[in-house]
Amino acid sequence: MTATKIGIVGAAGRMGRMLIDEVNATPGAKLAAAAERPGHDCIGRDAGTLAGLKPLGVAVADKPEAVFAASDVVIDFTVPTATLAHAALAAKHKAALVIGTTGFAPDQAKKVAAAARVVPIVWAANMSLGVNLLLALTQRVAKALGPDYDIEILEMHHKHKVDAPSGTALALGEAAATGRGVKLATVAARGRDGLTGARKPGAIGFAALRGGDVVGDHYVIYAGEGERLELVHKASSRKIYSRGAVRAALWLKGKKPGLYGMDDVLGLDD
Ligand code: NAD
């Protein structure tokens, strides 16, 4: 069987470098091309040496179009504005896309959905198996416990993270809201500070901590009268994300256009 040609945009990022390593180590996957934002000092460097490997014969380009033209699937862990441009290029070149970027505004999501009418796209705020199981459990527990249990979602990430709450925390909020049969937008309580008043019944609260090199901790707390249930996931290596992203890339080959999640890739609904 021919190897799946995988391209990586944002190649010099924390995730980009891990993705180069992961693609290189995965049977059936081949690094076809890599790109970074124009002006980045890694432009022209070999992608292998950038990731601490031997040279792989793939130079980091400053034009993403070449990556989409050369790849069956492109993996994108960059920033929302870049990802939107990449989604349009994926549709133009009929390349499948794996999106790990987080921090999108609601109207930006529509542009990703438009590209998914032309090509298959896996879009997940968290690519790890454990977190995707946590999402499924969060929905189930919210449904079982009902509105008497106050739901609070707490996350902690490293000091470089630029968006809050994390995409995963918001996805956990969506899962809890779905379990309760409500819309998250109508019940979310974000950024409490000062004289906030008492907790609104039915609210789903969020809190974000930042510091050090924490890869990603998520707590879903169900606080009732006389008892508290907590679901916790702690990531200790970013490898769980790059492994999940490459698994998604291999899964996408030959899939119909559409927007898929990691539950599809991992078969969690089966
Ligand atoms: P990072 O800042 O280390 O890397 C982002 C890279 O994208 C940088 O190298 C930057 O130069 C590059 N970039 C910016 N604009 C670009 C453009 N126009 N074209 C090409 N490259 C461009 O960040 P990171 O820690 O690697 O995370 C990247 C994103 O992935 C964030 O949104 C983060 O929240 C998300 N993330 C998601 C998961 C997941 O499982 N879905 C896991 C980890 C991180």
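Only the coordinates and a few stated rules stand behind these numbers; no lab work does. Worth saying up front: this structure is predicted, and the values here are computed from it rather than measured. Heads up, the Cβs are rebuilt from the backbone with ideal geometry, glycines too, and the neighbour counts pull from every protein chain shown.
Taking every DSSP beta bridge that has both residues in the chain, what percent is antiparallel when rounded to the nearest 5?
Working: 16 of 47 bridges.
Counting DSSP beta bridges with both partners in the chain, the antiparallel share is about 35 percent.
DSSP loop trypsin sites (Lys or Arg not before Pro) in the stretch 110-165 with at most 11 other Cβ atoms within 10 Å of their Cβ, which ones? Provide the component values of the computation, followed by the final result.
Working: sites: 110, 111, 117, 140, 143, 159, 161; in loops: 117, 159, 161.
Hits after loop and neighbour filter: 117, 159.
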Revision key, fill the gap. Counting only residues 5 or more apart in sequence or on a different chain, those whose built amide H sits under 5 Å from that of residue 124 are 99
Check your understanding: Do you know the relative contact order of the chain, to the nearest whole percent, from alpha carbon pairs under 8 angstrom that are 6+ apart?
Key -> 20 percent
Study note, to complete from the structure: The aspartates and glutamates whose Cα lies under 20 Å from the Cα of residue 255, excluding any fewer than 8 residues away in the same chain, are 72, 76, 263, 264, 269, 270
Exercise for review: Pop out the ³J(HN,Hα) list for the stretch 230-242 in order, Karplus 6.51 cos²θ - 1.76 cosθ + 1.60 with θ = phi - 60°, rounded to Hz; leave Gly and Pro as x.
Suggested key: 10, 9, 10, 10, 10, 8, 10, 9, 6, 4, 4, 7, 5
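Which value in deg cm²/dmol, rounded to the nearest 500, describes the helix-derived mean residue ellipticity at 222 nm for the chain, given -39,500 (n - 2.57) per DSSP H run of n ≥ 4 and division by the residue count? Present the calculation step by step, with values, prior to reporting the outcome.
Working: 10 runs with 101 residues, N = 270.
Calculated at 222 nm, the ellipticity per residue is -11000 deg cm²/dmol.
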Check your understanding: Could you give the distance between the Cα centres of the stretch 202-253 and the stretch 102-141, to the whole Å?
Key -> 14 Å
Exercise for review: Give the relative contact order (percent, whole number) for the stretch 129-235; include only Cα pairs under 8 Å separated by 6+ residues.
Suggested key: 40 percent
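Quick one: work out the % antiparallel among DSSP beta bridges in the stretch 1-89, nearest 5.
Taking every DSSP beta bridge within the stretch 1-89, about 10 percent pair in antiparallel fashion.
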Check your understanding: Which whole-Hz ³J(HN,Hα) couplings does the stretch 80-89 yield from phi under the Karplus relation 6.51 cos²θ - 1.76 cosθ + 1.60, θ = phi - 60°, glycine and proline marked x?
Key -> x, 4, 5, 4, 5, 5, 5, 4, 5, 5
Exercise for review: Take the chain, connect every pair of alpha-carbon atoms lying under 10 Å apart with a spring to form a Gaussian network, then pick out the residue of 235, 25, 249 with the largest mean-square fluctuation.
Suggested key: 25
Practice item. For the stretch 129-146, just list the computed ³J(HN,Hα) in residue order, Karplus coefficients 6.51, -1.76 and 1.60, θ = phi - 60°, integers in Hz, with x standing in for Gly and Pro. Key: 4, x, 5, 5, 5, 4, 4, 5, 5, 4, 5, 5, 5, 4, 5, 5, 7, x
Exercise for review: Name the residues whose placed amide hydrogens come within less than 5 Å of the amide hydrogen of residue 8, ignoring near sequence neighbours (fewer than 5 apart) on the same chain.
Suggested key: 33, 34, 35, 75
Study note, to complete from the structure: Set 54/239; 159/239; 111/256; 110/256; 30/92; 161/200, cut-off 24 Å on Cα-Cα distance; pairs above it are 161/200
